[in-house]
Amino acid sequence: MIDPAPPPPARSKRGRLELIGLRKSYDTHVAVDRLDLTIEAGEFFTILGPSGCGKTTTLMMLAGFTEPTSGSIRLDGVPITRQAPQERNIGVVFQSYALFPHMTVGGNLAFPLEMRDVPPADIARRVQAALDLVRLPVADRLPAQLSGGQQQRVAVARAVVFDPPVLLMDEPMGALDAKLRTHLQVELRRLQQRLGITVVHVTHDQDEAMAMSDRVVIMNDGKVEQIGRPKDLYERPASLFVARFLGENNLLEARATSEPNRIVTAGGLTLECPAHGFAPGSPLSATLRPERLSLRPGHPGGGLPGVLADSVYLGAKTIHTVDVPGLGALTVQVQNGTEDSPPPPGASVTVMYRPDDLRLFPAP
Ligand SMILES: Nc1ncnc2c1ncn2[C@@H]1O[C@H](COP(=O)(O)OP(=O)(O)O)[C@@H](O)[C@H]1O
Ligand SMILES: [Mg+2]
């Protein structure tokens, strides 16, 4: 069911959002703490972070359903902080879809247009266009008669039927199974590009964030940890939190030495690393991604000599655990090919790493 997307129609850029010192507190609890960020027109922007970090609160402040404690929001240069939700003309897909259960799909889609006093003849045409956009030929059904994936499409269609410059989506695929999610990720991304709309998308699913977004902000406890393209966040995490939140990482406790390219682990093992600016003796946390490591049989010299503790075969890859004296257990992920099978548990192996793959952070 994947047809080639037509080239996006040329349109003036609109939908630039500026969040300036945006803050929301509940009594003494700060849900969102002085958020400063700009989302460019036409960008697919994702807010990613663990449960409770302030994602929904941020989105609801953009939508106008939650009043900020302080700070402001601009849409295409116009302050909208004090505007009611309907005045902002922003499309919203809620976590629960929030479809009107007693209205048909067509009725759900017509509603935002009726609210805006669109002439009835135009309403029919625009509802049909929105249904075509999400490929849903079921205008006369009630939401309860649809699958979860179809309800999600109705919610998206309803959010864009009035041609808003910005679409906000809170965990839009949270209730769907993994396979359908992957499919809808591609569809949503395509729809966004076809409409040239700015999307602000909230998720706690890192794969979803990486797959869909131009840029991602990672939030932690109401604050920004890092903003960047998915690849930048994965390859160049700015904090230990980001390094640990995105993908898998081996975490090593270490100290800086007087040599800029060496650290020493808590267990006394010296590792080469990228040049660091830490004072000698500073406690550090170092990370090494399992997929950047490789295994060699025996202890031929170099690398990190150890003993293979176990190997878990997962089809496309195998996850090895290696006990390295002076360092502890290291996870090594190896892409499976047709080559040799791994050594048995208990065998001597050496973990090979590239110093450039080590990331260093001040110990928390
Ligand atoms: N209406 C509210 N009253 C009090 N605390 C709230 C309210 N809404 C959210 N919070 C708190 O603010 C924090 C952020 O919540 P939320 O934005 O929903 O997080 P997320 O969407 O990232 O899971 C949480 O600690 C939550 O308990
Ligand atoms: Mg939430």
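Could you please give the count of residues in region 255-292 that are hydrophobic (A, V, I, L, M, F, W, C), touching a Pro at 6+ places or on another chain (Cβ under 8 Å) and surrounded by fewer than 14 Cβ atoms within 10 Å (Cβ to Cβ)?
Residues meeting the conditions: 1.
Of the residues Arg141, Arg181, Arg158, only one is open to solvent by less than 40 Å² (accessible area, probe 1.4 Å), more than 21 Å from Ile90 (Cβ to Cβ) and charged (D, E, K, R); which?
Arg181
Of everything in region 210-224, what is closer than 15 Å to Cys53 by Cβ, open to solvent by less than 10 Å² (accessible area, probe 1.4 Å) and of a type in the set (A, V, I, L, M)? Give them in sequence order.
Val216, Val217, Ile218, Met219
Only residues in region 35-59 that are farther than 18 Å from Leu188 by Cα and within 16 Å of ligand 1 (Cβ to nearest atom) count as the first member; pair them with residues that are part of a loop (DSSP other than H, G, I, E, B) and open to solvent by 10 Å² or more (accessible area, probe 1.4 Å), Cβ under 7 angstrom, at least 6 apart or cross-chain, and list the lot.
Close Cβ pairs (under 7 Å, with a partner that is part of a loop (DSSP other than H, G, I, E, B) and open to solvent by 10 Å² or more (accessible area, probe 1.4 Å)) amount to Gly49/His204; Pro50/His204; Ser51/His204; Cys53/Asp221; Thr57/Thr66.
Can you list residue pairs whose Cβ atoms sit under 7 Å apart, with the first residue in region 331-354 being on the phi > 0 side of the Ramachandran plot and the second being modelled with pLDDT of 95 or more and open to solvent by 50 Å² or more (accessible area, probe 1.4 Å)? Count only pairs 6 or more apart in sequence or on different chains.
These pairs meet every condition: Gly346/Val307.
Being within 16 Å of the chain's Cα centre (by Cα), crowded, with 19+ Cβ neighbours inside 10 Å and part of a loop (DSSP other than H, G, I, E, B) is the filter here, so list the residues in region 233-254 that pass it.
Pro237, Leu246
Among the listed residues Phe100, Phe65, Phe94, which satisfies the condition of being among the aromatic types (Phe, Trp, Tyr) and under 25 Å from Gln193 (Cα atoms)?
Exactly one residue qualifies, and that residue is Phe94.
Here's a check for you: in region 202-230, which residue that is aliphatic (A, V, I, L, M) and touching a His at 6+ places or on another chain (Cβ under 9 Å) is farthest from ligand 1 (Cβ to nearest atom)?
Here the answer is Met212.
Of all residues being assigned to a loop (DSSP other than H, G, I, E, B) and closer than 13 Å to Ala157 by Cβ in region 87-102, which is nearest to the chain's Cα centre (by Cα)? Just the residue, please.
Restricting to residues being assigned to a loop (DSSP other than H, G, I, E, B) and closer than 13 Å to Ala157 by Cβ, the top hit is Tyr97.
Tell me, which strands (runs of 3 or more DSSP E) wholly within region 1-77 include 3 or more residues that are under 27 Å from Phe245 (Cα atoms) and at pLDDT 95 or above?
17-26, 29-39, 44-48
Just one of (1) crowded, with 18+ Cβ neighbours inside 10 Å; (2) in a loop (DSSP other than H, G, I, E, B) trips up Gly302, so point out which.
The single condition Gly302 does not satisfy is (1).
Please work out if Val127 is touching a helix residue (DSSP H, G or I) at 6+ places or on another chain (Cβ under 6 Å), within 16 Å of ligand 1 (Cβ to nearest atom) and either more than 26 Å from Leu75 (Cβ to Cβ) or not polar (S, T, N, Q) (or both).
no
Out of region 13-33, which residues are surrounded by fewer than 21 Cβ atoms within 10 Å (Cβ to Cβ), within 15 Å of ligand 1 (Cβ to nearest atom) and free of Cβ contacts under 8 Å to residues at least 60 places away in the same chain?
Within region 13-33, Arg23, Ser25, Tyr26, Asp27, Thr28, His29 meet the criteria.
Scan region 188-209 for residues that are open to solvent by 60 Å² or more (accessible area, probe 1.4 Å) and either without any contact (Cβ under 8 Å) to a residue 40 or more places away in the chain or under 26 Å from Val30 (Cβ atoms) (or both) and jot them down.
Of everything in region 188-209, those that are open to solvent by 60 Å² or more (accessible area, probe 1.4 Å) and either without any contact (Cβ under 8 Å) to a residue 40 or more places away in the chain or under 26 Å from Val30 (Cβ atoms) (or both) turn out to be His204, Asp207.
Within the group Leu75, Leu35, which residue is within 16 Å of ligand 2 (Cβ to nearest atom) and assigned by TED's automatic domain parsing to the domain that holds Glu225?
Going through Leu75, Leu35 in turn, the sole match is Leu35.
Can Gly277 be described as more than 16 Å from ligand 1 (Cβ to nearest atom), in a loop (DSSP other than H, G, I, E, B) and in contact with a Phe, Trp or Tyr (Cβ under 9 Å, 6 or more places away or on another chain)?
no
The values are calculated or read from the model by the stated rules, or taken from the named source; none is laboratory data. Given the structure is predicted, the values throughout are model-derived calculations rather than measurements. No Cβ is skipped: glycine too gets one built from the backbone with ideal geometry, and neighbour counts run over all protein chains shown. We work out accessible area using only protein heavy atoms, side chains counted, and drop any ligands, DNA or RNA first. Shrake-Rupley method; radii C 1.70, N 1.55, O 1.52, S 1.80 Å.
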